Amino acid sequence: MQTPLNPQAFFDPVTGTVTYVVADRGTGQAAIIDPVLGYDFKSGRTDTNLADKVLSYVVEQGLQVDWILETHAHADHLSAAHYLKARTGGKIAIGEHICAVQSTFKAIFNLEPSFVPDGSQFDHLFKDGETFAIGDVEMTALHVPGHTPADMAYLAGDAVFVGDTLFMPDVGTARADFPGGDARQLYRSIHRLLQLPAHTRIFVCHDYPPGERVPQWESTVGEQRKANIHVRDGISEDAFEAMRAARDATLGMPTLILPSIQVNIRAGDLPPPEGNGVSYLKIPVNALGVA
């Protein structure tokens, strides 16, 4: 089995999100992981600045995008998957448990009757352990719930793209208090990943660097087991759950959670335009709470 060359990362400083392009250089086939659509909360305007940088790289490298992979329905940025699909033809994929997330948020946002929470907005829904290919590179989709019910990680050779399960060791782990989140599930999902060989490269979806550290997004299983401030070796599931409950209780809601979720459960598409040709995002008043 061939492993991919080093992924190309694109960091969005506004949301702290990292988008990756993973390519099989032998065939020129590629996947884009967790693409970002810019969104200005004050004006309600979107932009494709980061997505266009990804597209420029794809063209410059002569790549054919087969897959646009989402690790989950993000609450901190809008997805550019729909925009990128229209320009590359890549299939948008996510884990099959997105249907549960869609059902939850269809009720919270009272979405239009035509929105069916069956995952059909995506081109493919991965099952746990399902394998797929980028050229001659085999990848495996791993279900890693806890942050949300639908989180997936994508393993390719000595590299795993972990979404929001893990951050850099000095940042720790994602919150588990969103609807359907579960700290014990998150702990078990993380330890599933940390059973991979110690040299396995871990690529995170976000970095919120403490102090003066510059943004980073690559570590290893060995580094995480030794130094992750939340789940290093020796920290029990009970201790992790207690830590997450205490920490999550202090966290405010992500700035972009309300617009992000409405778009991301639609595979990055905007809600259907209304009679005047404009798409609208809803703000539910006193309706959204954390678990």
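Starting from the exponent 0.38 and prefactor 2.2 Å, build the expected Rg for region 1-82 from its residue count and divide its actual Cα Rg by it.
1.13
Could you grab the relative contact order for region 89-178? Cα pairs under 8 Å, six or more apart, rounded to a whole percent.
23 percent
Note down the magnitude of the dipole of region 129-175 about its Cα centre, charges +1 on Lys and Arg C-beta and -1 on Asp and Glu C-beta and zero elsewhere, to the nearest 20 debye.
200 debye
Amide H to amide H, which residues 5 or more places from residue 91 or on other chains are under 5 Å from it, using H placed in the peptide plane?
Residues meeting the criterion, in which the H sits 1.01 Å from N, are 67, 68.
Let me know the number of lysine pairs in the chain closer than 17 Å at the Cα, not counting same-chain pairs under 8 apart.
4
Could you run the Karplus curve 6.51 cos²θ - 1.76 cosθ + 1.60 with θ = phi - 60° over region 84-101 and give me ³J(HN,Hα) per residue in whole Hz, x for Gly and Pro?
6, 4, 4, 9, 10, x, x, 7, 8, 9, 7, x, 5, 7, 4, 4, 5, 5
How would you rank 158-164, 126-132, 148-154, highest first, on the average number of other Cβ atoms within 10 Å across their residues?
Answer by packing, highest mean first, reads 148-154, 158-164, 126-132.
Can you give me the long-range amide H partners of residue 134? Hydrogens built in the peptide plane at 1.01 Å from N, cutoff under 5 Å, separation of 5 or more residues or another chain.
Those lying under 5 Å, H to H, from residue 134 are 139.
I need the peptides 102-108, 34-40 ranked by packing, meaning the mean over residues of other C-beta atoms within 10 angstrom, with the highest value on top.
34-40, 102-108
When the Cα centres of region 178-210 and region 51-124 are compared, how far apart do they sit, in Å?
Distance between centres, Cα-based: 21 Å.
How large is the accessible surface per residue of the chain, computed with a 1.4 Å probe and reported in Å² as a whole number?
Ligands and nucleic acids excluded, the figure is 43 Å² per residue.
Quick one: with all protein chains in place, what share of the accessible area of the chain is carbon or sulfur, to the nearest percent (1.4 Å probe)?
52 percent
The values are calculated or read from the model by the stated rules, or taken from the named source; none is laboratory data. Just so it is clear, the structure is predicted and the values come from calculations on it, not from any experiment. A quick note on method: Cβ atoms are made from the backbone with ideal geometry, for glycine too, and the neighbour counts reach across all protein chains shown. Areas reflect the complete protein model, heavy atoms only, side chains present, ligands, DNA and RNA absent. Shrake-Rupley method; radii C 1.70, N 1.55, O 1.52, S 1.80 Å.
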